[in-house]
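These notes concern the structure reproduced below.
The values are calculated or read from the model by the stated rules, or taken from the named source; none is laboratory data. Predicted model, so just to flag it, every value in this text is computed and none were measured. Positions of Cβ are generated from backbone atoms using ideal geometry, with glycine treated the same way; all protein chains shown enter the neighbour counts. Calculation scope for accessible area: heavy atoms of the full protein, side chains included, ligands and nucleic acids excluded. Shrake-Rupley method; radii C 1.70, N 1.55, O 1.52, S 1.80 Å.
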Amino acid sequence: MTEKLQMLWLFVLAAPIACVAWTVTHEEVFSELHDWCEKRSRTARTLAARKFFYLFTCEYCFSHY
């Protein structure tokens, strides 16, 4: 696979991931989920639980997972 083709695939794969991450973390469709996860990310007892729920409130974090 050539470097140009690899770069093309990189952008082809990145575009839908970025769209999904933005939709889940910012749009009104998922506002109830976002608000609930935001509350749980602040009030959960364990560090792992807080980080898990924070994942759904941060577009950068969500796009990597």
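What are the pairs, 6+ residues apart or on separate chains, where a residue within region 3-15 that is at pLDDT below 95 has its Cβ under 9 Å from a residue that is open to solvent by less than 100 Å² (accessible area, probe 1.4 Å) and of a type in the set (Ser, Thr, Tyr)?
Close Cβ pairs satisfying both conditions: Ala14/Ser63.
Hey, any hits in region 36-57 for a residue that's touching a residue at least 24 places away in the same chain (Cβ under 8 Å) and assigned to a helix (DSSP H, G or I)?
Going through region 36-57, the residues touching a residue at least 24 places away in the same chain (Cβ under 8 Å) turn out to be 56-57.
When the remaining residues are screened for being assigned to a helix (DSSP H, G or I), the result is none.
No; the residues of region 36-57 include none that is touching a residue at least 24 places away in the same chain (Cβ under 8 Å) and assigned to a helix (DSSP H, G or I).
I want to confirm something. Restricting to region 8-20 and keeping residues that are open to solvent by 90 Å² or more (accessible area, probe 1.4 Å) and closer than 18 Å to His64 by Cα, which single residue is nearest to the chain's Cα centre (by Cα)?
Applying the first criterion (open to solvent by 90 Å² or more (accessible area, probe 1.4 Å)) to region 8-20 yields 8-11, 13.
From what is left, the residues that are closer than 18 Å to His64 by Cα are 9-11, 13.
Details: Trp9: 20, Leu10: 18, Phe11: 17, Leu13: 15 Å.
The selected residue is Leu13.
Going through region 21-65 one residue at a time, which ones are out of contact with any helix residue (DSSP H, G or I) (no Cβ under 8 Å at 6 or more places or on another chain) and open to solvent by less than 100 Å² (accessible area, probe 1.4 Å)?
Glu27, Ser31, Asp35, Thr43, Thr46, Ala48, listed by residue number.
Thr25 versus (1) of a type outside the set (Phe, Trp, Tyr); (2) more than 15 Å from the chain's Cα centre (by Cα); (3) at pLDDT below 90: which is the lone unmet condition?
Against the list (1) of a type outside the set (Phe, Trp, Tyr); (2) more than 15 Å from the chain's Cα centre (by Cα); (3) at pLDDT below 90, Thr25 comes up short only on (2).
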